[in-house]
Structures are given as C-alpha cells and as structure tokens.
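Accompanying notes for the structure given below.
Taken together, the values in this text are just the output of simple stated rules run on the coordinates, not laboratory data. A quick note: this is a predicted structure, and the numbers were derived from the prediction, not measured. With ideal geometry, Cβ positions are generated from the backbone for all residues, glycine too; neighbour counts draw on all protein chains shown.
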Amino acid sequence: MPLKYPLSLGALCVLVGLQAYAEEQTALDTITVDGNATEVKANQIKKTRKVIQEELIADNYDLVRYATDVGISDNGRRNKGFAMRGVEGNRVGISIDGVNLPDSEENSLYARYGNFNSSRLSIDPELVQGIDIMRGADSFNAGSGSLGGSVNYRTLGADDIILPEQKWGVLLKNGYASKNREWTNTLGVAYKDDKFDATLLYSYRNGHEMKSRGNGEDISGNARGIPDPSHHKNHSYLAKMGYFITPSHRVSASFNGQSADNFIDEKSYTLNLSSWRESKDIGKRYNANLAYEYFPENNRWLSYLRTDLDWQKTDIGSKNYKGGRRYNSDFTKLLPQKHLYEIQDTHMNTRFMRASLRAELMPWESPWGSHQFTLRSGISQKDFDNRNNHEYPNDKGSSAKDSESIQHPVRTRSFFAQLQDSVTWNDMFSSQLGVRYDWDELVPQDLKATCRACSRKPASNTFQSLSGSLGLDAQLNDIWKVGYNVSSGFRIPTASEMYFSYEHPAGNWIPNPNLKAEQALNQSIHIQATHQLGLFGLNVYHTRYKNFLTEQESTYKKWNKFYNSHSASYGQQPYYTTIAQQAVNIDRARISGLEFNSKVNLDQVISTIPQGWKFLANLGYAKGKLSGTEASLLSIQPIKVILGVGYEDPNDRWGINAKASYLGAKKAKDAQVVQYTSNFVREVKTYPYLNGSAVLFDLYGFYKVNRHVTLRAGVYNILNRKYHTWDTLRGINKVSTTDSVDKDRKGLERFYAPGRNVAGSIEIRF
C-alpha cells in the first residue's frame, strides 16, 4: 500500500501535465525549467553546483539520496563505490576531471578479516562544480570498468567563486551535519582577467561515526547494537591556473588532492571474548594536470584541440592495533587494561600517468546531413603495489618487525583511440556514432617484499577491447523527443582478481590468471518532453553481460603437509577437503529496468498557483538474473520512488523543497546466495538480512541574505523512521571478525540508518 500511493500521485500529476500538452493549441516557446539545467541525456543525471549546495551534499550517500536506480557499494565502514543498473564497485567508473580513480583491490576474503578497509576514493563536494552520473555501459567515454555507468566529478574554477563583474573573489563556508556530527570549513580565493585565471581552495571535514536509529546495547562483540566510535579528519585542496598566450592558445595546470584519516575503536570486533582492535583508515590521493588548448580561427578542418598530461598517486590503507585483555585470578571477569600484541599496517598503492589528445573537427556538410567528428587518443601506465607491515611488541619494550605482500606488484600499460561522429540529418533526426579500441597489458613485477603464498612470477596478460556507442534521436515537434541508444562496455580484471593467492586454515584464495574481460551490451529506448509546463522522461533499458566475473566459493582437495608413511598407517589421508574462493567468469547475466522522471511547473497547470512552485516524480526499477549459478545479483537496487514539491523565488532569493522517498523492500526471491556448510554441503539460501520498505520525508531550503551571504538548512527523515537500507545490509559479512552480526541478530541494530537529522551551512562570497 505505501508504494501504490506515491505511484498513483505521480501518475496523476503526469497525466495532468500530458493532458495540458494535448490541449495546448498554440505554439509555445521552449522554456528552461531549471535555471541551472543544461542539456541532459536520457540516461544521465547532472548535479550542478547549485543543486550540490542546495541539497547539502556532503558525501556520496547524500549524492544518491534522490537518485533512482543508483546506490552505494558499502562495506559497513567505508563506501567502495557506486551501485548502478544492477552492478557495483569496480563495474561503475569513477573519475575526477576525466581521470579514472583506481579500482578497489579488496576481495571478500580480505574483507572477512577487516585488516584492510578499501575505499573507491572520490573528492570533497566542496571542490566540485558539477557531478555527471551516466547510467548504462559507458566504456566508450570512460574506458574499462564502466559496465553499469560512470560518475565524473568536475572541479571548481574561478567563475564559480568570483561574483559577476569582479576580478577577485573569496569564498568562505561553514557547515554542520548532525548525522555524523561533522563540521565542514571551506576557504577559497580566485582571480580572473582577460588572459589569466587562478583558483585556490581548501576544505576541512571533522566528524564522527554515522549515527544509527537502532537502540541496541553498548557492548563489545558482533552483538553490539550501536555503531563503533570513530573520528575522521579529511583535508582537501585544489589549485588551478590558466593563461591565454594568444586568443587561440591556452595553457593550464591544476592540482587537487585529499588526505583522509578515520580512527575507529572497533568494539564490534569479534575474534574472541578477550580480543580488541583499534584501526586507523587512511586515504590519500594526489592528481595533477598540464594541458594545452588550441582554439583555431578560420581553420578549415579543426575547431578545437586539447592535449593533457595527467599524473595520479593514491595510497589506501589501514593501520590496525590488535591486542587482548586478561582475566582476573578466578577467570570470571576481564580486566580493563589493554595489552597490545600486534600492529598491522596495510597499504594499496597506485601510481598513474597518462598522455591524451582530443581533436574536434569542423562540421562537414554532406547530402546525408551535417557531421562533426571528434577524435580522442591516449596512452597510460599504472603501477600497483601492496605492502603489509607487521610489528609485534613485547613486555620488554622492544618489538619484532616484518614486511610482506599478498601478491606481485603489477604494471598496467594501456592505449586507446576513439572516433565519434555527431550527425544532424535534418530538422527531425540526429544521431551519435562512436567506436573505441582499447589495449591493456598487465605485467607482474618482481617482488619488493616477502610473499608466502606467491610462487614464481606470473606471466603477463593482454586484453583487447572494441566498444561503441550509437544513439538515434527524433525530435517529433517542439515538445516531444524519442530515441534509441545502444552502447557497450568492458572491464578488465583487477590485479588481485587475477594474481592474489592465500592459504590459511581460516580461508583460502586461488588465483586465476586466465580470467577474461567482462563485456556488456546496453540497449535503451527513451521518451522526453520539454515544455513550459515542465519536463518528462521515460527510459527503458536492457543490459546483457558476457563473461560476468564473480567470486565463487567451492571445495577442493588440498595436500596434507603432515602426511607420511607413518601417519598413513593411522588412516591419515594425503589430501583433505577445504573451501576456497576464486574469481571466475560465469556464463551470462542480464538486467532490465526503467527510469522515470518528471517535473511540472504547477503555475502552468493551475493559474492561481504562484510562479516558482514545482512538483517532481521520479522512479527507478530493475530486475536481473545470473546464468550458470543459482545465486542472485545482490547489487540490484530495490524499487525507489521520489516525490517532491518545491518553491524557488523567481528572483532566486529563497527556496524550499519537501521530498518523500519510498525505498522498496528486497524480496527473498531476488536475494539467493550459494554457500557451503561446515560439512562441505553446497546449499542455496536466501540472504539472511533483507530490508523492509520505508517512506522518508525531508525538508530543505535556502535563503540569500544578500548577494554575499547564503544560508542553507535541511531536516532529513523528519518522522524519525527506523529503517535499514539494502546497500548497508548486503555489506554484512557472514563469517568475519568485523561487520558481522550475532546469531540472535542483535547486531543489526547498529546498521540502522540515521534517524531524524539536520544539516546547515552559511556561505559568504565577496
């Protein structure tokens, strides 16, 4: 019943709008509904600087709050990327100014121990002018990894800080969010004249663990009912400058980076009753760019040329302090003193360099329409290395140290070349056709540290991929537009998926250097309408995957190192059965879904309603199936509906928005998992932690005191609803020392989303 109501209300509003379209007899000029809106593709979500600020977006969770069919890949402590169109993590590309961020090298075995908590790094929204979310296979634009879509963050420039008709600009901003008691402080300065522009920006975040609406007990172990205490400090910075040598030639340089530290007292850690662990997660990223741009004047062939040199360095790691507590003399109570037994410092390091070229040719008129060609090419190198450092303190004040790795370092060499043709056939029909070739080679390097599970250096692996994109659009009239899109995507396996190996009584991992690249083919049909009454969009898609890569658990025979002729006489066997994980290519997967969005200018529907009032209705739904296994694709998002009413003063002085979000429940039939019992019996079961449906209400708005000062505030989950998200629950580990739940499910209390919470900011520009 909760779902029927929002759907009915949304359908009613759309019908009213469409009826108004039909009754309109005179030609009306197309009106931009959102003053900050740019041309948006049917499968695209564009978050402008204005929207980022007004929605008080502080992290990726806030970014997808009102996005349908887009979620977060969550491991319980840090997000590992996005979930989009049924796939997640490394299958969704993330980039900053077009430079891809590294893949996560964590697997389920690593996650089970909690010694390393990886994160797909992003960027502080305070340094961003816009965020482009492209849903659907997008390897043509983003390269490897964009099977379900891509997210690109575009950094701020001088124009975003400097007020109109000024050369200098200063930005001061302070913000607070109660959901994690986080304070944000931002300082920026910029200069721009006819030839030169420069921007400097710094942002600092200081906060704590995300609150839970649960009311569990403050105890230790996986039955803990409240989140583990944590404290994070994030530093982010951006520097840009550009100079027009002549009106046709421009050079620019930029640098942006971040340093994030998150200290956690892991009270939910559950190795044994007397054990404890404290952790410090770190995430460091540095991006640099040098660019040259050419704006030809009266050139017969070329309209634009750009060359880029990009450099990126990342360090993702976790420093864990492990120890225990001793019992009293009669072993009835644990003493409060902590004893440190081990310090483990784990790092995943990448270094990336790329040179690229982009050339846009002049439009070419032909009997078959107007063509504009764009050429892009690039060559890059990425180096990945893992390092695990251990220190074992003793009671005498000294300690033993060692350093090891989980696999050989890997160097990835890549090359790509692509050609795109944008065609205007006539006043009605247009198309975009593109083809791209990628060549990637993974080359294992010599070990830089001890690797107990490594054998000889693996052989190199080469991947070649051909991807493309085709879009056909028909502008039926001034209002309606229909189209068809087909695009392909690919993802080469990560270094750890191919080469990582591990042997331990608590778990095993088998490398698979013969993995194939995943492939995706996405098809969609869209209908769009733009009118002074509002916007309307419907996108129906179907995606097929080939060589779909998944972690597979199976039994295998392992050599018994204690076997000999003497033990054989007592019945001991040379091999014993155990369980291991391995990355494998299964046969196929398919995902279908629809995305609906609408925005109605209410003053155009009812004349008595003042200008500025709007109604919106968005919906996302997906369904999928894996072939070759009984397991479900857990990354598929449940149905999500967003309804909203808002008002924005025509003079842009103030605005307010009220939104209702319906989060659908995850059904048991769509959450099947394959696992083995302690007796090595294979079984298919329903994932034990399923979320129920929930309806949430939010209210947020802004007020411009004057052209220099803007106040923003929001109240979220106004009714203080207690609910779980599917993104969080599917990150719970079945058998683990962290992010696990006790057999009585008491630990689920700490995984509830925040209850009623507020956020606000004050921004000063001069």
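Any chance you could run the full-extension gain for Asp261 through Leu375? It's 0.36 nm times the residue separation minus the Cα-Cα distance, nm to one decimal.
Values: separation 114, 0.36 × 114 = 41.04 nm, distance 4.08 nm.
Value of the extension gain: 37.0 nm.
To one decimal place, what orientation-averaged projected area in nm² is obtained for the convex hull of the Cα set of segment 147-254? Don't jump to the answer; show the numbers that get you there.
Numbers: hull surface 45.5 nm².
Quarter of the Cα hull surface area: 11.4 nm².
What Kirkwood hydrodynamic radius, in Å, does segment 523-661 give when the mean of 1/r is taken over all pairs of distinct Cα atoms and then inverted? Could you put the intermediate results ahead of the total?
On the way: mean 1/r = 0.0489 Å⁻¹.
20.5 Å is the Kirkwood radius here.
At q = 0.14, 0.17, 0.19 Å⁻¹, what log₁₀ I(q)/I(0) does a Debye calculation on the Cα points of segment 634-766 give, no solvent, two decimals?
-0.79, -0.97, -1.10
Between segment 651-717 and segment 380-449, what's the alpha-carbon centroid distance in Å?
Each part reduced to its Cα centre gives a spacing of 31 Å.
What residue among Phe702, Asn206, Ser414 has its Cα farthest toward the positive end of the dipole of the chain, where the charges are +1 on Lys, Arg and -1 on Asp, Glu, each on the Cβ?
It is Asn206, whose Cα lies furthest towards the positive end.
Take the Cα gyration tensor of segment 591-644, multiply each eigenvalue by 5, square-root it, and list the three semi-axes largest first, rounded to whole angstrom. Don't skip to the end; give the middle numbers.
Working: eigenvalues 305, 13, 5 Å².
They are 39, 8, 5 Å, listed from largest to smallest.
How about Lys561: which aspartates and glutamates have a C-alpha closer than 20 Å to its C-alpha, ignoring those fewer than 8 places off in the same chain?
Glu503
For segment 676-727, what number results from the quotient of the Cα radius of gyration and 2.2 N^0.38 Å? If you can, show how the numbers build up before the last one.
On the way: Rg = 22.2 Å, N = 52, 2.2 N^0.38 = 9.9 Å.
Normalised by 2.2 N^0.38 Å, the Cα Rg of segment 676-727 equals 2.25.
Tell me which lysines have Cα within less than 27 Å of Lys546's Cα, excluding those fewer than 8 residues away on the same chain?
Filter leaves Lys41, Lys80, Lys382, Lys516, Lys623, Lys625, Lys666, Lys667, Lys669, Lys685.
May I ask for the distance between the Cα centers of segment 180-213 and segment 461-534, given as a whole number of Å?
Cα centroid of segment 180-213 versus Cα centroid of segment 461-534: 33 Å apart.
Students often check this: by mean Cβ neighbours within 10 Å, which of 143-151, 318-326, 102-110, 560-568 ranks highest, and how do the rest follow?
Values: 143-151: 27.9, 318-326: 18.2, 102-110: 20.6, 560-568: 10.0.
By packing density, highest mean first, the sequence is 143-151, 102-110, 318-326, 560-568.
Please compute the Kirkwood hydrodynamic radius over segment 56-188, one decimal place, Å, based on all pairs of different Cα atoms. Each step should come with its number before you reach the end.
Values: mean 1/r = 0.0612 Å⁻¹.
Averaging 1/r across every pair of different Cα atoms and inverting gives 16.3 Å.
Only four residue types carry charge here, +1 at the Cβ of Lys and Arg and -1 at the Cβ of Asp and Glu. Report the dipole size of segment 238-324 about the Cα centre in Debye, rounded to the nearest 20.
80 debye
Order by neighbour count: His531, His208, fewest other Cβ atoms within 10 Å first, most last.
On the way: His531 23, His208 15.
By the 10 Å Cβ count, ascending, the order reads His208, His531.
Given the Cα atoms of segment 706-751, and with Rh set as the inverse mean 1/r over their pairs in the Kirkwood sense, what is Rg to Rh to two decimals? Intermediate results must be reported in sequence, preceding the final value.
Details: Rg = 18.1 Å, Rh = 14.0 Å.
Reported Rg/Rh (Cα atoms, Kirkwood Rh): 1.30.
I want to verify the translational diffusion coefficient of segment 421-556 in µm²/s; compute it with Stokes-Einstein, Rh as the Kirkwood radius over Cα pairs, at 37 °C and 0.692 mPa s.
Details: Rh = 19.1 Å.
D, rounded to a whole number, is 172 µm²/s.
Roughly how many whole Å is it from the C-alpha centroid of segment 266-340 to that of segment 552-602?
27 Å
Output the 0 to 90 degree angle, nearest 10, between the alpha-carbon long axis of helix 4-23 and the longest principal axis computed from the alpha carbons of the chain.
20 degrees
Hey, rough spin-label estimate for Leu447 and Leu334, points 7 angstrom out along Cα→Cβ, what's it come to in nanometres?
Distance between label points: 3.6 nm.
Listed highest first by mean packing, meaning other Cβ atoms within 10 Å per residue, what order do 83-96, 59-72, 217-230 come in? Can you show the working numbers first?
Working: 83-96: 26.1, 59-72: 22.0, 217-230: 18.2.
Ranking, from highest mean packing down: 83-96, 59-72, 217-230.
Could you order peptides 153-159, 594-600 by the average number of other Cβ atoms within 10 Å of their residues, highest first?
Numbers: 153-159: 20.0, 594-600: 21.6.
Output ranking for 153-159, 594-600: 594-600, 153-159.
Where does segment 552-599 land on the Kirkwood hydrodynamic radius, alpha-carbon pairs, in angstrom? Can you show the working numbers first?
Numbers: mean 1/r = 0.0651 Å⁻¹.
One over the average 1/r among Cα pairs gives 15.4 Å for segment 552-599.
Which order results if Met428, Met241 are arranged by neighbouring Cβ count within 10 Å, fewest first?
Numbers: Met428 12, Met241 16.
Sorted ascending by nearby Cβ count, the order is Met428, Met241.
What is the calculated FRET efficiency for Thr424 to Ile609, with r their C-beta to C-beta distance and R₀ = 56 Å, to the nearest 0.05? Show your work: numbers first, answer last.
Working: r = 38 Å, r/R0 = 0.68.
With a Förster radius of 56 Å, E is 0.90.
May I ask for the equivalent-ellipsoid semi-axes of segment 334-419, computed as the square root of five times each C-alpha gyration tensor eigenvalue and listed largest first in whole Å? All intermediate terms of the calculation are to be shown ahead of the outcome.
Details: eigenvalues 656, 42, 14 Å².
They are 57, 15, 8 Å, listed largest first.
Which lysines have a Cα less than 25 Å from the Cα of Lys167, not counting those fewer than 8 places away in the same chain?
Those lysines meeting the cut-off are Lys50, Lys192, Lys195, Lys240, Lys704.
Might you report the magnitude of the Cβ-based charge dipole of the chain about its Cα centre, with Lys and Arg at +1 and Asp and Glu at -1, to the nearest 20 debye? Let's see the in-between values first.
Numbers: 93 positive and 81 negative charges, 438 e Å.
For this selection, approximately 2100 debye.
Rank Gln582, Leu521, Ala177 by how far each Cα sits towards the positive end of the charge dipole of the chain (+1 on Lys, Arg Cβ; -1 on Asp, Glu Cβ) and give me just the farthest.
Checked the options; the winner is Gln582.
Starting from the Cα of Glu551, step 7 Å along the direction of its Cβ; do the same at Lys516; then give the gap between the two resulting points in nm.
It is 2.4 nm.
Give me the number: length gained by fully extending Leu187 to Thr578, i.e. 0.36 nm times residue separation minus the C-alpha to C-alpha distance, one decimal in nm.
135.1 nm
Give a residue-ordered list of calculated ³J(HN,Hα) values for segment 692-703 (Karplus: 6.51 cos²θ - 1.76 cosθ + 1.60, θ = phi - 60°; whole Hz; x for Gly, Pro).
Residue by residue, segment 692-703 yields x, 6, 8, 10, 10, 10, 10, 9, 8, x, 9, 8 Hz.
Considering all alpha-carbon pairs of segment 284-392, what whole percent are spaced by more than 18 angstrom? Spell out each step's value before the answer.
Details: 4193 of 5886 pairs.
That tail contains 71 percent of the Cα-Cα pairs.
Hey, what does the equivalent ellipsoid look like for the chain, semi-axes from the Cα gyration tensor as sqrt of 5 times each eigenvalue, largest first, whole Å? If you can, show how the numbers build up before the last one.
Working: eigenvalues 397, 194, 160 Å².
Square roots of five times the eigenvalues give 45, 31, 28 Å.
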